[in-house]
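Here's the structure we're looking at; comments come further down.
The values are calculated or read from the model by the stated rules, or taken from the named source; none is laboratory data. Remember, it's a predicted structure, so these values are computed and weren't measured experimentally. For neighbour counting, all protein chains shown are included, and Cβ atoms are generated from backbone atoms with ideal geometry for every residue, glycine included.
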Amino acid sequence: MHDTLSSLVERALMGSPRPLEFYLREHSRLPGPRANLELANDVGYLLAAAIPTNENGVRTLVNYFSNGDRKMVASNTPAEYVMLCGLIAAGICAAAYPEWREETYKLLSHYACSPYWRVRESVTTAYQHLLTTDPAAVLSHLYTLAREGNQLQQRAAVTAIAEPRLLYTPTLLTDALDLQRIVLLRQHQVPLGERKVEDFRVLKRALGYTLSVITAAAPEQGFALMRECASWEDTDIAWVLRENLKKKRLAKFVQDTAAVASMLPSV
């Protein structure tokens, strides 16, 4: 597969992108429950490696695949897969080449608002690639999304940092907790009459697992945040906390999970 893929990427960069596009569609695994993310990442790495010799070609191809004209595509289709390949490639390329980052942030901020969950997940993956190379700059952007973005952009902020392999320093853990707190507080401040919209539910479901990822890496601070949130006596935030307390990653923290659970209203 790798020899074929490399050859197709070379042809695409020479001005013939359709064979690579057809290959991606054929191997997308869509329609289906799980897209071929391994292939998407491989394409991104090959394109990033080609930037020194053909930056304009790579930029054109990434823009073409990521649907730079912002047209809608149908969910759970090979066409959606091509888009997510472009978005993940944008993140990988921007991680390797700082000059790409500002325009990539704009691209990802836009597609964070997609109505399709696979596209939103590809945005999360792209941010995670960026976080591995320049966490301080990317975190600054994620803070902007958390503080000023809409609910789907807030979702991107909390899911991007909720990845165990990224939480390797106390500084990153502190930032990860701060992002969770900012978004949880914004959720708490949403008026009850505005909580039935889908974007609120999408963000709520994301918060239902992200907090436990951070808490597993920093249990003392994470459970302190959970207790703080439990004190708000907010039924939607209580749901978020219950979902996190169910996660196996927190199973060994028996006393802490019990303490938070005791603060929540009975269902």
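Being touching a helix residue (DSSP H, G or I) at 6+ places or on another chain (Cβ under 7 Å) and among the small types (Gly, Ala, Ser) is the filter; apply it to the range 221-230 and report the residue that is surrounded by the most Cβ atoms within 10 Å (Cβ to Cβ).
If we filter the range 221-230 for residues that are touching a helix residue (DSSP H, G or I) at 6+ places or on another chain (Cβ under 7 Å), which is where we start, we get 221-223, 225-227, 229-230.
Within this subset, residues satisfying the condition of being among the small types (Gly, Ala, Ser) are 222, 230.
Numbers: Gly222: 25, Ala230: 19.
Top of the filtered list is Gly222.
Only one of Ala90, Ala74 is hydrophobic (A, V, I, L, M, F, W, C), under 19 Å from the mean Cα position of the chain (by Cα) and in the same structural domain as Arg29 (by TED's automatic domain parsing). Can you tell me which?
Numbers: Ala74 fails: under 19 Å from the mean Cα position of the chain (by Cα).
Within the list Ala90, Ala74, the selection yields Ala90.
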Seminar exercise, completed: Taking first residues from the range 85-100 that are farther than 15 Å from Asn63 by Cα and second residues anywhere that are outside any helix (DSSP H, G or I) and of a type in the set (Ser, Thr, Tyr), the pairs with Cβ under 7 Å that are 6 or more apart or on different chains are Ala95/Thr132; Ala95/Thr133
Exercise. Going through the range 188-233 one residue at a time, which ones are farther than 23 Å from Leu145 by Cα and not hydrophobic (A, V, I, L, M, F, W, C)?
Worked result: Gly193, Pro219, Glu220, Arg227, Ser231, Glu233
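Test Ala162 against the criterion of being surrounded by 14 or more Cβ atoms within 10 Å (Cβ to Cβ) and of a type outside the set (Val, Ile, Thr), and give yes or no. Show your work before the answer.
Values: surrounded by 14 or more Cβ atoms within 10 Å (Cβ to Cβ): yes; of a type outside the set (Val, Ile, Thr): yes.
Judged against the criteria, Ala162 is a match.
Tell me the helices (runs of 4 or more DSSP H) entirely within the range 77-150 that contain at least 1 residues that are closer than 22 Å to Leu166 by Cα and in contact with a Gly (Cβ under 8 Å, 6 or more places away or on another chain).
Details: elements: 78-96, 101-111, 117-131, 135-148.
Output list reads 78-96, 101-111, 117-131.
Specify which of the listed residues (Ala79, Ala74, Ala48, Ala35) is over 30 Å from Asp178 (Cα atoms), surrounded by fewer than 24 Cβ atoms within 10 Å (Cβ to Cβ) and touching a residue at least 60 places away in the same chain (Cβ under 8 Å). Break it down into steps so the answer makes sense when it comes.
Working: Ala79 fails: touching a residue at least 60 places away in the same chain (Cβ under 8 Å); Ala74 fails: touching a residue at least 60 places away in the same chain (Cβ under 8 Å); Ala48 fails: touching a residue at least 60 places away in the same chain (Cβ under 8 Å).
On inspection, the qualifying residue turns out to be Ala35.
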For this session: May I ask you to verify whether Ala176 is among the small types (Gly, Ala, Ser) and closer than 21 Å to Gly222 by Cα?
Result: yes
